[in-house]
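Report on one structure; see the data block that follows.
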Protein chains: 2
Amino acid sequence: MTKVKFLPFDEEYEVFEGETLFDVALRAGIHINASCGGAGSCKRCKVRLISGEVKGEILEGQYYKACATYPLTDVVVEVPLVAILDKTTLYRTVKRRAKSLEISGVEPIFPPIREVFLKLKEPTIEENTSDLTRLKDGLAKQGISEPEIPLEVLRKVPYALRQKNFEAGAYVYQNPGTSKNYLIDITAEPIDPFLGVAIDIGTTTLQVEVVDLRKGETLGFASDYNPQIKYGDDVITRIEFCKKKEGIEILSKVLKEKLVLLIKEALGAKGRLEEVRLISLAANTVMTHLFLELEPRYLREYPYVPAATEFPVFRAKDLGFKGVDSISQIIPCKASYVGGDIVAGVVASKMCEEAPITLFIDLGTNGELVVGNQDFLVCAACSAGPAFEGGGIKHGMRATLGAIESVSIDPYTYEPMVATIGKVKPLGLCGSGILSLLASLFRAGLIDKSGKIKKDLSHPRIREGAEGWEYVVVFKEEAQTDVDIVFTEADIDNVIRAKAAIFAGCQVLVESVGLYLKDIEKVYLAGTFGNYIDIEDAISIGLLPDLERDRFFFLGNTSLAGARLALLSQERFVKMKEVAKGMTHFELSNHPGYMDAYVAALFLPHTDESLFPTIKINSI
Amino acid sequence: MTKVKFLPFDEEYEVFEGETLFDVALRAGIHINASCGGAGSCKRCKVRLISGEVKGEILEGQYYKACATYPLTDVVVEVPLVAILDKTTLYRTVKRRAKSLEISGVEPIFPPIREVFLKLKEPTIEENTSDLTRLKDGLAKQGISEPEIPLEVLRKVPYALRQKNFEAGAYVYQNPGTSKNYLIDITAEPIDPFLGVAIDIGTTTLQVEVVDLRKGETLGFASDYNPQIKYGDDVITRIEFCKKKEGIEILSKVLKEKLVLLIKEALGAKGRLEEVRLISLAANTVMTHLFLELEPRYLREYPYVPAATEFPVFRAKDLGFKGVDSISQIIPCKASYVGGDIVAGVVASKMCEEAPITLFIDLGTNGELVVGNQDFLVCAACSAGPAFEGGGIKHGMRATLGAIESVSIDPYTYEPMVATIGKVKPLGLCGSGILSLLASLFRAGLIDKSGKIKKDLSHPRIREGAEGWEYVVVFKEEAQTDVDIVFTEADIDNVIRAKAAIFAGCQVLVESVGLYLKDIEKVYLAGTFGNYIDIEDAISIGLLPDLERDRFFFLGNTSLAGARLALLSQERFVKMKEVAKGMTHFELSNHPGYMDAYVAALFLPHTDESLFPTIKINSI
């Protein structure tokens, strides 16, 4: 593996396929000036080649443009340090992404749909009870009593039984946690393919996975934006939209139509829509309500009562899934803002069955928090506001092409190193970029503990704009925008409030069970955003608790993973019902200590510095 | 009450409102010549007024036309007896209709749909579980656990609970005999009207009754022919029709469309279709299969296996009842030819709960027989063929306008007294007319024990026709037909075979439980035809067993009555399930003694005359 050493630092860093010197430095946390996001236009990311071969763009002499230069052999380059007074005081960011925790598939040990082979006695004139009675008797011998039989299946029974002399396969859905059975099909030949679909309905994105119910294998995947976005970016505006006539019907319809398209896409050539036998669906409580066309308004009206948190088993056609006729099971929710996605995640992560005390965090507009282990589970939601999704931030944007996802600021020159999604000229700041920027500003000493910009620093990037003081992240010349991309004190305030809401939630929740933050043995970060969080950044601004970094794990889409588990194991779905029921929910808005904790967290990293022992407060 | 005495007989007979002298004589079993069916055209029904006042048509002197003469006071008339040699030898028919047994309505003591008043605690921020959980907890406190809740009802829950501060009425259908509950509605205001519909699907006619589920009162009724008739008169031709592509869908569709129309008609202004909350439906096994679109072919293929004899509870919309969304319960069947109509009848008649050994007979194309009491029940179906419905009889017809429903033949003159439905000129012979005619022919000595016409009797009504020997019931001059209405030896043979099938069935069934026919303490005649049977006629030809006449009861439409009971009492519906399960069914075609009994019954009244001690065999 090719390696790079960035002088004056000693460490060598591996080069992954396709990486430029800029990419390696970014990953290593080594600051190289760059304001074009890696697009190659600013020409400021120059490094000097000391040894080794590269293929790339020479700026002058031995100076190469880092964002356009690829190492061919092991190389040593020098990063021009404009103003290093003392190497030992150089502030260097340690980049830390959380380790991934693989959520492995289960063996389909006890799938919700049992395949029961029946060898029934053929009727005679002496014993000519009905086909249905014969079938039920056969099922009863295999422990399946009083199955519900839909009319369409009942209509098939006489043919199915006579095709192979009263030998047939019965497909029985056993409603997990109840004694209710449903005969979903009866056929002389085994059903093939035998398909299930796991669905995650996020407020922003939809994910669909097709699974072979016999082997547990994933056969296909599809994903797209939630089409409800055009009726409202976040859950609040969608709940408001539902107050319009037929609002909820519209939101539900566009969602289901899109889901059917995604199922088709994920199926590909592996099967047809009508061959899907089981659907498991996980979503937050608002999305679950909108999907089922349940009135969502009381979710956000005091005292925040959901219409339902546990759901019957539905037939897909009753749900309005056109062309699908499978059984549909919906992962239960806990409360208005702790949904089935979280319940699915708690079970998928196994935190509820292991000894370590774990903090499970799903970060988005709302931060959902679960603390516990095999012995107890408590949960809460904190309203972080949209800052982490770029909302309420002057140049905030979704994490799409051109969004700044990482910023590092030279603590001496105050010049930023900016990386964008897609390495194109910057358009704005997405969540991870905002987090990274705030951490960098604080680390570089450009803002104080309360998030105020230090106005006495004379620098072209620090100025007073129309909306107060701001830091210029990218001047318009290097951006895709007509104006400079700035980060204002108001933006900073928004982010601090968001992180304080989350941190205070964690703290209050942990303390509510008589523990301290330091007692947390594992931190599980769920959801896409969790993957892009830099742990060091998040801790340094006081968003995440200051724990040993190897306690942090990134879990990926635990909502989809949970939905998939429920497809393959009845026992897992039962566990989700138990978790939804057994978990203790705290309504933070009503918790006496929450407001105090929140106010205390409105500093960087926190009013109580002893909570963040590893964070060095820059006093330059 | 006005009375009539018909000399030379001594008895006096009451006159019911609107009755002519002819009507009274007909009812009394007194023979008056008449071949026009009571239409007034033959002018042969003359009687001589001895005393009293009448309003009517004088034929000559004191002679009045009986069919057009109404008694105004008590009257005495003389019947001209053409050839009475000895009054004491005069054969006089005793007319006996079975007594009606009133099937009374039940109090809705435990109706399948319970109205549960809920006064739930209003949610608070400390206790903000979902509406559904709150509702379920409230129901559980009233003994209703884990109700199934359709999505449409779930959607109503948030509104219903909030309309009156979490006080509401829940409507719970408790699936009789199971522990399954369905929440069918939840409302702040009580459902009003609270409607149920009882349906009887006969092969020929449909009957629909609308019932107030709270009070148990009947609110409306409607009836019409089964529209499947145009695809086949009887069940066999309809089963054959189902072999055509979409045959069964067509039969089911026309039936349901007609039923919806009848429900609307029966509802009148009392309610709307969507206000019907519960439907109970009784039908024979073939009709039940066609209604549900279950493959009927195996019902008539050896070994006669129904697709189903017990049925899940359906939602009307799943059944294809357009505009109706009630729970629909179907009375269970016993076997391919002992259906839910019979099960309904057994329970409605209470024979299964009383001490007397009872023979329950439903006569039609098939004769369904049940024998038993509170301790045991056995049943069988015998294929009588269509003779009792006018099928296979040269001048047979349905029991509609112009059908001869009663015939009495003067044993001296061989002249008939004919009465038609609607008192119009005769068109043909319906079931009761056929029965009456055969009994009369036998009684008058015109046919022998084997049903052969006595060819040596020289009389214009006895002649050899194109199809063999025949008796002219009505000459074409007095009929609506172009030809004489005759009754042929082939017709007689058909009727004898039909009655033999029924009688042999009764005999074998009774003997199968170690009893004799004379042990039968009550005979229940169900169905419309039963009402028009003259008991004396039926016994004299050997159709019904020769028991004391007061043991016979007419029950009316017990199928509809049973469906109605199941609407109002969960316990009654459970009883029907128990009867359907517990009753022992004999497959007569497979019974070793049946063929012998059948052959022995192919005589009038029977080979074994000791079985019919009260029947005097005319030996003139």
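The values are calculated or read from the model by the stated rules, or taken from the named source; none is laboratory data. Just so it is clear, the structure is predicted and the values come from calculations on it, not from any experiment. Please note: Cβ atoms are built from the backbone with ideal geometry, for glycine as well, and neighbour counts cover all protein chains shown. These accessible areas exclude ligands, DNA and RNA; they are computed on the full protein's heavy atoms, side chains included. Shrake-Rupley method; radii C 1.70, N 1.55, O 1.52, S 1.80 Å.
Set side by side, the residues B:268, B:247 differ, and just one is at positive phi and of a type outside the set (Lys, Arg), which is B:268. Taken as a whole, the condition of being at positive phi and open to solvent by 10 Å² or more (accessible area, probe 1.4 Å) applies to residue A:320. For segment B:160-198, residues that are free of Cβ contacts under 8 Å to residues at least 40 places away in the same chain, within 14 Å of chain A (Cβ to nearest Cβ), within 17 Å of residue B:134 (Cα to Cα) and open to solvent by 20 Å² or more (accessible area, probe 1.4 Å) total 2. Pairs needed: first member in segment A:411-423, free of Cβ contacts under 8 Å to residues at least 24 places away in the same chain; second member anywhere, of a type in the set (Val, Ile, Thr); C-beta distance under 7 Å; at least 6 residues apart or different chains. Matching pairs, first to second residue: A:421/A:400. If you go through segment A:479-496 and keep only what is open to solvent by less than 10 Å² (accessible area, probe 1.4 Å), in a helix (DSSP H, G or I) and in contact with a strand residue (DSSP E or B) (Cβ under 7 Å, 6 or more places away or on another chain), you end up with just A:492. Would you confirm, using the coordinates I've provided, whether residue B:521 is surrounded by fewer than 17 Cβ atoms within 10 Å (Cβ to Cβ) and under 23 Å from the mean Cα position of the chain (by Cα)? Yes, satisfied.
Condition check ((1) small (Gly, Ala, Ser); (2) open to solvent by 10 Å² or more (accessible area, probe 1.4 Å); (3) assigned to a helix (DSSP H, G or I)) across all residues:
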site: A:498; (1), (2), (3): yes, no, yes
site: A:507; (1), (2), (3): no, yes, yes
site: A:538; (1), (2), (3): yes, no, yes
site: A:543; (1), (2), (3): no, no, no
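Among residues of segment A:458-482 that are at positive phi, those with a Cβ under 9 angstrom from a residue that is crowded, with 21+ Cβ neighbours inside 10 Å, sequence gap 6+ or separate chain, pair up as A:468/A:453. Of all the residues in segment B:133-159, those that are β-branched (Val, Ile, Thr) and away from chain A (no Cβ under 11 Å) number 1. For segment B:303-315, check the following and say yes or no: at least one residue is more than 9 Å from every other protein chain (Cβ to nearest Cβ), surrounded by fewer than 24 Cβ atoms within 10 Å (Cβ to Cβ), free of Cβ contacts under 8 Å to residues at least 40 places away in the same chain and not in a loop (DSSP other than H, G, I, E, B). No, segment B:303-315 has no match at all. You will find that of A:588, A:604, the residue that is closer than 30 Å to residue A:347 by Cβ and open to solvent by less than 30 Å² (accessible area, probe 1.4 Å) is A:588 and no other.
Take segment B:582-594 and flag every residue that is assigned to a helix (DSSP H, G or I) and more than 9 Å from chain A (Cβ to nearest Cβ). Correct list: B:582, B:588, B:594.
Kindly evaluate residue A:358 against the criterion of being closer than 25 Å to residue A:385 by Cα, in contact with a helix residue (DSSP H, G or I) (Cβ under 7 Å, 6 or more places away or on another chain), among the hydroxyl-bearing types (Ser, Thr, Tyr) and away from chain B (no Cβ under 14 Å). So residue A:358 fits the description; yes.
A quick yes/no check of all residues on (1) crowded, with 24+ Cβ neighbours inside 10 Å; (2) closer than 18 Å to residue B:559 by Cβ:
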{"position": "B:339", "(1), (2)": "yes, yes"}
{"position": "B:353", "(1), (2)": "no, no"}
{"position": "B:359", "(1), (2)": "yes, yes"}
{"position": "B:368", "(1), (2)": "yes, yes"}
{"position": "B:371", "(1), (2)": "yes, no"}
{"position": "B:376", "(1), (2)": "no, no"}
{"position": "B:392", "(1), (2)": "no, no"}
{"position": "B:417", "(1), (2)": "yes, no"}
{"position": "B:423", "(1), (2)": "no, no"}
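Residues in segment A:430-478 that are among the charged types (D, E, K, R) and in a helix (DSSP H, G or I): A:443, A:476, A:477, A:478.
Scanning segment A:483-524 for residues that are under 30 Å from residue A:454 (Cα atoms) and free of Cβ contacts under 8 Å to residues at least 12 places away in the same chain gives a single hit, A:483.
Listed here are the residues, each with its yes/no results for (1) within 22 Å of the chain's Cα centre (by Cα); (2) under 30 Å from residue A:264 (Cβ atoms); (3) not hydroxyl-bearing (Ser, Thr, Tyr).
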| residue | (1), (2), (3) |
| --- | --- |
| A:289 | yes, yes, yes |
| A:296 | no, yes, yes |
| A:308 | no, yes, yes |
| A:325 | no, yes, yes |
| A:336 | yes, no, no |
| A:340 | yes, yes, yes |
| A:350 | yes, no, yes |
| A:367 | yes, no, yes |
| A:371 | yes, no, yes |
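If the condition is being more than 18 Å from residue B:348 (Cβ to Cβ), open to solvent by less than 10 Å² (accessible area, probe 1.4 Å) and assigned to a helix (DSSP H, G or I), then segment B:286-302 contributes B:286, B:289, B:290, B:291, B:292, B:299. The sole residue among B:345, B:396 that is of a type outside the set (D, E, K, R) and either open to solvent by less than 10 Å² (accessible area, probe 1.4 Å) or closer than 13 Å to residue B:583 by Cα (or both) is B:345. Counting only residues that are surrounded by fewer than 20 Cβ atoms within 10 Å (Cβ to Cβ) and among the β-branched types (Val, Ile, Thr), segment B:1-10 holds 1 of them.
Has segment B:258-279 got at least one residue that is within 14 Å of chain A (Cβ to nearest Cβ) and either buried (at least 16 other Cβ atoms within 10 Å of the Cβ) or under 24 Å from residue B:348 (Cα atoms) (or both)? No, every residue in segment B:258-279 fails to be within 14 Å of chain A (Cβ to nearest Cβ) and either buried (at least 16 other Cβ atoms within 10 Å of the Cβ) or under 24 Å from residue B:348 (Cα atoms) (or both).
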